[in-house]
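Every read-out reported here was derived from the displayed coordinates using simple, explicitly stated rules and does not represent laboratory data. Computed from a predicted structure; not experimentally measured. Glycine also receives a Cβ, built like all others from the backbone with ideal geometry; neighbour counts cover every protein chain displayed.
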Amino acid sequence: MTHPLRVAMLSVHGCPLARLGEKDAGGMNVYVRELSRALGQLGVGVDVYTRCVDQSTDPIVPLGSDARVIHIEAGGVRYVPKSGIYDLLPEFIGNLKSFAKTHDLHYDLVHGHYWLSGLVGLDLKSAWNVPLVQMFHTLGEVKNLVARRPNEMEGELRIDCERHIMAHADQLIAANADERAHMVWFYRADQDRIHEVPCGLDADLFRPLDRAACRARLGWQSDEQVVLFVGRIEPLKGIDILLRAVMYLVRCHDHPRLRAIIVGGDVSKDGDELQRLRALVQSLDLGAYVNFVGAQDQEVLPTYYTAADVCAMPSFHESFGMVAIEALSCGTPVVASRVGGLQYTIRDGETGFLVPRGDPVVLADRLCLLLSRPDLRDQMGQRAAGVAGIYDWQTIAQQILAVYQARPPDLRKTPF
Ligand code: UDP
């Protein structure tokens, strides 16, 4: 009998146990947590290696059957933003290797998430002589394509590292055809090594609830028209575009009972983007219509999704955009930019609307249509709830397992 597969999952800056919606914690943390759990249930032994940021966290925390999180020290036990992690990688790699050696841990493959963990993966691939499966979650070249200010640009270092990882990883995972195309076009990645596997959804958590009860729980009035945003507060998410759309809805489309609820971010200490957004709310005189409610535990998000009339994702880019399928699965239509993964998860005109990125006028127009036509909103919501089955984590984990078991193509083959 062959022994069960053992995987070292690498998520240096994205602890699967982190509080979501704050700092750098979002979709990737959810992905690593849920995929590891689902693989564990399939009998794959998963150790998620992540950087330790909190003294009170146990070094090893179980994630479910056969999956656990292992905290590795590097650069002291404190939060370090993504931009400071690269310099800590040699220490992280050294400590990870000693941990594995001390505990006599052996793996059949390593699975890296994001370029920083990809670099760790390449080192472990050669040290342990195991294959590397890599997923990027976002790509520097694509971020630069949509950046609106110089400080949103990614440097050469990241892009060079991404190119290097793509050339040497055994298998690459893209969330959809769009991400695959970006890998091939911008980085000359080898098509044969790219597997398309979407992100998953916890359908037991994200399901339609009783709308009136959800509104009552959140203290929202029954006649309010609520547009919901959920996510990290960062420029790429285009929250400023949503605020401008809210202005059009209030001033031009006559929606006096409108409220935009922005879930995400740490409202106790405003970061740069939150400050910028609050200033915009003031200058557009929207104080009465916009609420920043801060990050919320994922367990309460179904209440927000169900209670809202519509969920808005005005992103400049999303590799996948888990919030879209969470909202849809709760029976709430999504109006989103026609970018990245959102083009595959939202059926334009059926479960929501796709709009040009960065265009508040069209966004306002589509939001207005859904807010003014409760019958259309309900029809779309009912169709939307049907997405749940497609993205079940067990199905996704099976697909990832198939990638783990795929025979690596010849790495010496020159791309193109
Ligand atoms: N999220 C959360 N609480 C918040 C904000 C976000 O739990 O206050 C979760 C949300 O449920 C989703 C993830 O964070 O699963 C965000 O994922 P998405 O792919 O939409 O965005 P990313 O963070 O990858 O850009």
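Can you name the condition, by its number, that Phe320 falls short on among (1) surrounded by fewer than 16 Cβ atoms within 10 Å (Cβ to Cβ); (2) under 29 Å from Lys143 (Cα atoms)?
Unmet condition: (1).
Give the number of residues within region 159-211 that are surrounded by 17 or more Cβ atoms within 10 Å (Cβ to Cβ), of a type in the set (Lys, Arg) and touching a residue at least 40 places away in the same chain (Cβ under 8 Å).
Of the residues in that region, 2 qualify.
Inside region 15-29, can you point out the residues that are farther than 18 Å from Ile60 by Cα and either more than 8 Å from the ligand (Cβ to nearest atom) or part of a helix (DSSP H, G or I) (or both)? Walk me through it before giving the result.
Let us first name the residues in region 15-29 that are farther than 18 Å from Ile60 by Cα, namely 20-28.
Residues satisfying the conditions are Lys23, Asp24, Gly27, Met28.
Enumerate the strands (runs of 3 or more DSSP E) found wholly within region 292-392, keeping only those where 1 or more residues are within 13 Å of the ligand (Cβ to nearest atom).
310-313, 334-337
Do you know which residues across region 104-127 are buried (at least 23 other Cβ atoms within 10 Å of the Cβ), in contact with a strand residue (DSSP E or B) (Cβ under 7 Å, 6 or more places away or on another chain) and not aliphatic (A, V, I, L, M)?
His111, Gly112, His113, Ser117, Gly118, Gly121 - these are the residues of region 104-127 that are buried (at least 23 other Cβ atoms within 10 Å of the Cβ), in contact with a strand residue (DSSP E or B) (Cβ under 7 Å, 6 or more places away or on another chain) and not aliphatic (A, V, I, L, M).
Is there a residue being small (Gly, Ala, Ser) and surrounded by 24 or more Cβ atoms within 10 Å (Cβ to Cβ) anywhere in region 33-42?
Residues of region 33-42 small (Gly, Ala, Ser): 36, 38, 40.
With the extra rule that they be surrounded by 24 or more Cβ atoms within 10 Å (Cβ to Cβ), the set shrinks to 36, 38.
Yes, the conditions are met somewhere in region 33-42.
Within region 250-260, how many residues are in a strand (DSSP E or B) and either touching a His at 6+ places or on another chain (Cβ under 9 Å) or surrounded by fewer than 20 Cβ atoms within 10 Å (Cβ to Cβ) (or both)? Walk me through how you get there before you give the answer.
Residues of region 250-260 in a strand (DSSP E or B): 258-260.
With either touching a His at 6+ places or on another chain (Cβ under 9 Å) or surrounded by fewer than 20 Cβ atoms within 10 Å (Cβ to Cβ) (or both) added as a condition, the list becomes 259.
Result for region 250-260: 1.
Take the conditions surrounded by 22 or more Cβ atoms within 10 Å (Cβ to Cβ) and either within 16 Å of the ligand (Cβ to nearest atom) or small (Gly, Ala, Ser) (or both) and apply them to Tyr49. Does it pass? Quick ask: steps written out before the conclusion?
Working: surrounded by 22 or more Cβ atoms within 10 Å (Cβ to Cβ): yes; either within 16 Å of the ligand (Cβ to nearest atom) or small (Gly, Ala, Ser) (or both): no.
Criteria not met by Tyr49.
Using beta carbons and a limit of 9 Å, which pairs, at least six apart or on different chains, have the first residue in region 276-298 and more than 11 Å from Ile261 (Cα to Cα) and the second one assigned to a helix (DSSP H, G or I) and within 13 Å of the ligand (Cβ to nearest atom)?
Close Cβ pairs (under 9 Å, with a partner that is assigned to a helix (DSSP H, G or I) and within 13 Å of the ligand (Cβ to nearest atom)) amount to Arg276/Pro235; Leu277/Ile239; Leu280/Ile239; Gln296/Thr303; Gln296/Tyr304; Gln298/Val30; Gln298/Glu326.
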